[in-house]
Structure formats: C-alpha cells, structure tokens
Amino acid sequence: MGFASFVGRVCFASIFILSAWQMFNEFGVDGGPAAKELAPKLNLAKKHLSSQFHVNFPDIEVRRLILTAIAMKGLGAILFVFGHGFGAFLLIVYLLVSTPILHDFYNYGPDEPRYNILLGDFLQVFYICIFKVFLCITTMCGLH
C-alpha cells in the first residue's frame, strides 16, 4: 500500500512540477506568457475587490507573482511527493489564491460560452482542494 501511495503522490505532483517547469522555461524578461495572461485578470480582480471592499489595493508586480507561483508549485509538489504536509499546504494555498483569478467566470454572463468553461475549471480545482484538505485532515488525525 505504501508504494501505491507514493506512485499516486508522484502522479498527482507531476502536474504541478511540469507546470512549474514550463513556467520557468518560458519566464524570460517580461514573465512570459503566464504574465501576459495573468496581468489583465489580476487588474480586473483588483478592481472588483476594490469596488466591493472600498479599499485601494497596491500595485502588484506580475513578474514576482509568477516567480512566487513557480516556487510554490515546484517546492510544494516536491515536498508532497515525499509525504510532507507543508507541500500539500503550499499547493492548497496556491490553488486557493490563483483559481479565482485565473478562472474568472464571475466576469461573464451565464449565456456566454466562456462562462461554462471557466466555471467548470473553477469547480474542478475547488473539488481538488477540498479533497486535499480531507486527505490532510484524515492523515493528521489518524483516521485512515
């Protein structure tokens, strides 16, 4: 059972490791394609949150945000492979912060085709986060 658990963790973590590696290779001077995709969505999310909370958020340098994402995904996935709980924590925090920004279904109407795609992606990542939290709780509490 231990080997099967390790193989499962490797398969799961490989998604994050390969994604971090791709972002790292494409990073370049301007942050790469990830920064180009993230910048308008981040500005839109900041405007939305500013209007809801009536607070001005400071400017965030997208390049540093991309570097943070690469570090969280890479380090979190490697630690997760070796069964360290902090790795799962890093991946959950990354997903909880990035998912509402990247999958911004709330900026589209229900009748637009992009809405269903983004909502489906958002819910898929949301369920993965809930599953990870469930696994962490059962592992920590000895319920397995």
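The values are calculated or read from the model by the stated rules, or taken from the named source; none is laboratory data. All of these numbers come straight from a predicted model, not from anything done at the bench. Using ideal geometry, Cβ is built from the backbone for each residue, glycine included, and neighbour counts are taken over all protein chains shown. Surface areas here come from the heavy atoms of the whole protein model, side chains and all, with no ligands, DNA or RNA. Shrake-Rupley method; radii C 1.70, N 1.55, O 1.52, S 1.80 Å.
Hey, can you rank 51-59, 3-11, 34-42 by average C-beta count inside 10 Å, highest first? The partial results should precede the final answer.
Details: 51-59: 8.3, 3-11: 11.1, 34-42: 16.9.
Final packing ranking: 34-42, 3-11, 51-59.
Classified by the C-alpha gyration tensor, the chain has a prolate form. Its axis ratio a/c, with a ≥ b ≥ c, is 1.5 or above, and a/b is larger than b/c. Only lysine pairs 8 or more places apart or on separate chains count here, and in the stretch 2-141 those with Cα atoms under 22 Å apart total 5. Between Phe134 and Val29, the FRET efficiency from the beta-carbon distance, with R0 = 35 Å, is close to 0.25.
Take the Cβ atoms of His54 and Leu96, set R0 to 25 Å, and the FRET efficiency comes out at 0.60. For the stretch 2-141, the solvent-accessible area with a 1.4 angstrom probe is 64 square angstrom per residue.
Summing Cβ point charges (Lys, Arg +1; Asp, Glu -1) relative to the Cα centre of the stretch 10-129 gives a dipole of roughly 220 debye. Legend: calculated FRET efficiency, Leu123 to Leu67, from the Cβ-Cβ distance at R0 = 41 Å, rounded to 0.05, equals 0.90. At the listed q of 0.14, 0.24 Å⁻¹, the Debye profile of the stretch 7-84, built from one uniform point per Cα, gives log10 I(q)/I(0) equal to -0.57, -0.99.
Here the stretch 76-120 is described by how far its Cα atoms reach on the three principal axes: 44, 14, 10 Å, from widest to narrowest.
Per-atom-type breakdown for the chain gives carbon and sulfur 71% of the accessible area (1.4 Å probe, protein chains only).
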